[in-house]
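Please read the structure below before turning to the comments.
The values are calculated or read from the model by the stated rules, or taken from the named source; none is laboratory data. Predicted model, so just to flag it, every value in this text is computed and none were measured. Neighbour counts run over all protein chains shown; Cβ positions are idealised from the backbone, glycine included. With ligands, DNA and RNA removed, areas are computed over all heavy atoms of the protein, side chains included. Shrake-Rupley method; radii C 1.70, N 1.55, O 1.52, S 1.80 Å.
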Amino acid sequence: MAPVRVAVIGAGFAGLAAAVQLKRQGIESFTVYEKAGDLGGTWRDNTYPGAGCDIPSHLYSYAFAPYRDSRIRYPGQPEVLQYLRAVARDHGVERHVRYGTEITAARFDDRRGHWTLHTADGGTHTADVVVSAVGQLHLPNVPHLPGAEDFAGAAFHTARWDHGHALDGRSVAVVGTGSSAAQVVPAIAGRVRRLYVFQRSANWVLPKPGARFHPALSLLLRTVPAAHRAYRSMLFRRSEAVLLRALRRNRLIGSLLRTMALRHLRAGVPDPGLRARLTPDFTVGCKRIVLSSDWYPTLARDHVDVVTEPIERVTEKGIETADGVHREVDTIVYATGFRTTEFLAPMTVTGRAGRALGEVWRGGARAYLGIHVPGFPNLFLMYGPNTNLGHNSVILTLEAQAVHIARCVALLASRAAAGNGPVMEATPQALDAWQRRVDEGSAGTVWAGSCTSWFKTGDGVLTNNWPYRTTLYQRLTARPDPDAFRFPQPRSTAESADDLHHVPD
Ligand code: NAP
């Protein structure tokens, strides 16, 4: 019996975790297709000045490859990328990666029970299993501002930083005030002549501790090997115990965070007028909390202006706001986030009976465990719908998914060895029960309010976040539940193929 062939799409945190877990299950028949010439996903793409991680390195790392640097508490972008390269090398993943291969379409072949993948250069590949590991933050959201095409200066998104464009002495506009803006604005403020920060919504901001460990803690980590694990465990438990409670509307913790954030604002911004404009009007946590100690002091600098009037249009020489004021700039940086609710886009995915995933997800993306979509056999999603964490490191979810998927593939391999078709598909009932549970949990969170965020569709459907403990997600995904799946025989081997053509409504 031929081995189960697995195609992993994307060599970022998710794809590399999948590769390592497949190998741990003894599965070597996989290829990781990576559109770029390097691995790293979001940590390869986001090279803007100041790019780094606001989650401690010891938590922002795989459990199977613990972070052991006793100096770095919060990694910069180069350090995260370096970590991922080391993981790929140390776990023998690199030889499985096919760089420069962008998968543009995936289509399930009902008759043969396998997937055909189409690449940007016109090639095709086949696989029994497709693991989508393309991330939620991979498609830059560049707003369609009127007149943007007339702008004569340089304009680029934070995730597509133009390193050939020197900022020294320039007049720069940064559009957006999320986590990316909070890192890039302080990093470039010292170099530019004038900086306009266009804010549509103020964010809640908490201080970020120093990037390096205190020497005493560093010494402890260096000399007591078990201290690394204890530190990670403390970070994990704290996030589960404190932050999640705030997101689940615990009044005491919510008001504590609010007080801390307002105190941080007061300390960084002496001008009460500017402070008022920087005070959010929504519950803490509804949008992702920004962690920064230099954001407010930077906004308070003389040559930095926070513009809260809505942008009316872009002109050849700058940006005009709704009040008719025109600000001349020669550079526009779009720190405007990502098209997060589109998930696998721009790849087109076609499942059983020619059904398009984009159609199935028209009202908002949903997947059983965030991994399986009925009608799309052997398609396994990583970082799929409702699996982003608002309170803890998402690497934890990705690892849980990687383990689950590798176990599914092992199950398919054993079915194939026994002469059965290596095909599995979640039932609509399993998805419905799952989604009810997710929706019930979400209704009790701060995200359920009217505030907008990248966690929701334009219609307010919460498609991105997981509303419960991370440990619950880990438990629920640990092993594939046979009752949640059907195992249809491909038509070419099945006695009756009718089964394959029933697509749930
Ligand atoms: P984001 O959080 O989605 O923020 C986008 C910003 O752009 C918001 O302030 C948004 O305003 C504004 N915006 C969007 N469209 C606009 C328009 N047409 N006109 C004016 N303003 C507009 O994006 P991000 O800052 O890139 O961060 C995305 C996520 O990436 C983060 O939440 C985080 O999960 C991750 N990230 C993590 C780190 C880290 O340290 N771990 C660092 C950077 C990013 P509204 O709020 O009004 O929509």
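Numbers for the structure displayed
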quantity	calculated
Residue, surrounded by the most Cβ atoms within 10 Å (Cβ to Cβ), within region 387-409, restricted to residues that are assigned to a loop (DSSP other than H, G, I, E, B) and of a type in the set (Ser, Thr, Tyr)	Thr387
Flag for Arg327 being more than 22 Å from Gly12 (Cα to Cα) and either in the same structural domain as Cys286 (by TED's automatic domain parsing) or without any contact (Cβ under 8 Å) to a residue 24 or more places away in the chain (or both)	yes
Index of the failed condition, Gly153 passing every other in (1) of a type outside the set (A, V, I, L, M); (2) in the same structural domain as Val304 (by TED's automatic domain parsing); (3) open to solvent by less than 30 Å² (accessible area, probe 1.4 Å)	(3)
Test set (1) open to solvent by less than 20 Å² (accessible area, probe 1.4 Å); (2) under 23 Å from Thr477 (Cβ atoms); (3) out of contact with any Asp or Glu (no Cβ under 9 Å at 6 or more places or on another chain) - Arg415 fails condition number	(1)
Long-range neighbours under 9 Å by Cβ, at least six apart or interchain, first residue of a type in the set (Lys, Arg) within region 363-381, second modelled with pLDDT of 95 or more and not in a loop (DSSP other than H, G, I, E, B)	Arg366/Val360; Arg366/Leu431; Arg366/Trp434; Arg366/Gln435; Arg366/Val438
Residue ID - nearest to Tyr468 (Cα to Cα), chosen from residues in region 254-263 that are open to solvent by less than 60 Å² (accessible area, probe 1.4 Å) and among the aliphatic types (A, V, I, L, M)	Leu257
Members of region 66-95 that are among the hydrophobic types (A, V, I, L, M, F, W, C) and over 20 Å from the mean Cα position of the chain (by Cα)	Ile72, Ala86, Val93
Neighbours by Cβ (under 7 Å, 6+ apart or cross-chain): first from region 466-485, farther than 15 Å from Trp434 by Cβ and in the same structural domain as Asn392 (by TED's automatic domain parsing); second basic (Lys, Arg) and assigned to a helix (DSSP H, G or I)	Arg479/Arg407
Number of the condition not met by Arg251 [criteria: (1) of a type outside the set (A, V, I, L, M, F, W, C); (2) touching a residue at least 12 places away in the same chain (Cβ under 8 Å); (3) open to solvent by 50 Å² or more (accessible area, probe 1.4 Å)]	(2)
Matching option when the condition is at pLDDT below 95 and not aromatic (Phe, Trp, Tyr), among Pro225, Pro207	Pro225
Of residues in region 326-340 being away from the ligand (no atom under 15 Å from the Cβ) and open to solvent by less than 60 Å² (accessible area, probe 1.4 Å), the one nearest to Asn203 (Cα to Cα)	Thr331
Hey, Phe487 modelled with pLDDT of 95 or more and open to solvent by 40 Å² or more (accessible area, probe 1.4 Å) or not	yes
Region 286-305: number of residues that are away from the ligand (no atom under 12 Å from the Cβ) and open to solvent by less than 30 Å² (accessible area, probe 1.4 Å)	4
Hey, Arg191 farther than 30 Å from Arg232 by Cβ, away from the ligand (no atom under 11 Å from the Cβ) and not in a strand (DSSP E or B) or not	yes
From the options Arg194, Arg212, residue that is touching a residue at least 12 places away in the same chain (Cβ under 8 Å), closer than 23 Å to Arg313 by Cα and open to solvent by 40 Å² or more (accessible area, probe 1.4 Å)	Arg194
Single match in Ser239, Ser233 (criterion: assigned to a helix (DSSP H, G or I) and either exposed (fewer than 12 other Cβ atoms within 10 Å of the Cβ) or under 22 Å from the mean Cα position of the chain (by Cα) (or both))	Ser239
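Residue-by-condition table, conditions (1) assigned to a loop (DSSP other than H, G, I, E, B); (2) away from the ligand (no atom under 16 Å from the Cβ):
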residue	(1), (2)
Val4	yes, yes
Gly15	no, yes
Leu39	yes, yes
Gly50	yes, no
Ile55	yes, no
Asp69	yes, yes
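Yes or no, residue by residue, for (1) open to solvent by less than 20 Å² (accessible area, probe 1.4 Å); (2) farther than 29 Å from Ala227 by Cβ:
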| site | (1), (2) |
| --- | --- |
| Val4 | yes, yes |
| Leu16 | yes, no |
| Glu28 | no, yes |
| Gly37 | no, yes |
| Pro56 | yes, no |
| Arg73 | no, no |
| Val80 | yes, no |
